[in-house]
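Quick notes on the structure that follows.
Values in this text are rule-based calculations from the coordinates and carry no lab data. A quick note: this is a predicted structure, and the numbers were derived from the prediction, not measured. Ideal geometry is used to build each Cβ from the backbone, glycine not excepted, and the neighbour counts take in all protein chains shown.
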């Protein structure tokens with residue numbers, strides 16, 4: 001049987017080259033399954049994904065489920081807070097078992113802390 005010739009001419013898919021680095025970066029933040037990061041819009045739904053993003057999965061000392069930390073802007077955090085039980089169920093469905101016991105919402109400005117700081121200038125000189 002003749003050997004099949006490769007059509008890639010020595011090139012590799014980007015996903016196969018970066019897979020180890022992505023896995024290491026995800027595992028350092030507690031994401032044992034990087035699918036939660038890469039498919040966040042599908043897992044969380046378009047409404048939640050537009051205003052929130054996963055930051056960390058933390059495991060407690062007792063080992064009774066993990067805590068998913070989700071970052072949202074201050075104005076959208078109450079909306080995400082109301083939907084966090086549905087979000088927990090969707091994430092657990094993506095994992096395939098009850099991996100996440102709690103969802104914690106963290107609030108910040110959309111631009112970040114440094115960029116969103118107000119500029120405080122001195123009072124204008126009086127003439």
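Quick rundown of the values:
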item: Residues satisfying the stated conditions in segment 85-107, i.e. over 23 Å from residue 61 (Cα atoms), without any contact (Cβ under 8 Å) to a residue 60 or more places away in the chain and surrounded by 14 or more Cβ atoms within 10 Å (Cβ to Cβ); result: 87, 90, 107
item: Residue tally, condition more than 17 Å from residue 107 (Cα to Cα), out of contact with any strand residue (DSSP E or B) (no Cβ under 6 Å at 6 or more places or on another chain) and in contact (Cβ under 8 Å) with a residue 12 or more places away in the chain, over segment 61-84; result: 1
